[in-house]
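Here the structure is laid out as structure tokens; the discussion comes afterwards.
The values are calculated or read from the model by the stated rules, or taken from the named source; none is laboratory data. Just so it is clear, the structure is predicted and the values come from calculations on it, not from any experiment. Methodologically, a virtual Cβ is constructed for each residue, glycine included, from the backbone with ideal geometry; neighbour enumeration extends over all protein chains shown.
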Amino acid sequence: MAAKIITYEELKAHSSKDSVYLLLHEKVYDVTKFIDEHPGGDEVILAETGRDATEAFEDVGHSDEARALLGDLFVGEFEKNSELKTKKAPQSSASHSATVNTAVQQGSNLMYFVPLAMLVAYFAWRFYSNGSV
Ligand code: HEM
């Protein structure tokens, strides 16, 4: 079954202690019941509502146990084209950076290839000029 799609409006609508949604890694979690049990307190979570909480969540370096809790809290996928841009770059700029990366990669290959080719050419020249003298 396809996951429910949560819009930015829906995410924002769940920003009070009565109902709290968190956006992490483009997925939305209902943390309403969990918030009182959170070892880091409720304030830090409430401060991350209505926005992408991924960075704050990752900065803490949450344990695997903490990540495992997310499974039960999952509500749905965050709408890709929603007003709020999540950390992950949108499709177009992702492929743009892939192109840039490839170009950089090719550039660094060239960096090795050119001096190597010159070295080979030098030795070839040495070899042939010695032979002819
Ligand atoms: C649904 C989302 C979250 C879950 C399931 C969760 C779960 C946990 C758990 C289990 C711990 C105990 C340490 C560990 O196992 O890593 C913890 C600690 C902590 N969490 Fe979260 N957390 C969530 C979101 C957040 C967010 C958005 C923040 C914002 C900054 C945050 C801040 C902290 C802090 C500061 C601690 C350290 C508390 C301490 O050791 O004094 N957490 N969290």
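In segment 7-32, what residues are without any contact (Cβ under 8 Å) to a residue 24 or more places away in the chain and within 11 Å of the ligand (Cβ to nearest atom)?
Listed by number, the list holds a single entry, T32.
Might you check whether a residue that is within 10 Å of the ligand (Cβ to nearest atom), among the small types (G, A, S), touching a Leu at 6+ places or on another chain (Cβ under 7 Å) and assigned to a loop (DSSP other than H, G, I, E, B) occurs anywhere in segment 57-70?
No, every residue in segment 57-70 fails to be within 10 Å of the ligand (Cβ to nearest atom), among the small types (G, A, S), touching a Leu at 6+ places or on another chain (Cβ under 7 Å) and assigned to a loop (DSSP other than H, G, I, E, B).
Rundown of residues vs (1) under 17 Å from the mean Cα position of the chain (by Cα); (2) modelled with pLDDT of 95 or more; (3) not β-branched (V, I, T), yes/no style:
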site: I5; (1), (2), (3): no, yes, no
site: S19; (1), (2), (3): no, yes, yes
site: H25; (1), (2), (3): yes, yes, yes
site: F34; (1), (2), (3): no, yes, yes
site: E43; (1), (2), (3): no, yes, yes
site: G50; (1), (2), (3): no, yes, yes
site: A56; (1), (2), (3): yes, yes, yes
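Identify the residue in segment 33-52 that is touching a Phe, Trp or Tyr at 6+ places or on another chain (Cβ under 9 Å) and part of a loop (DSSP other than H, G, I, E, B) and, among all such residues, is farthest from the ligand (Cβ to nearest atom).
Per the stated criteria, the residue is G50.
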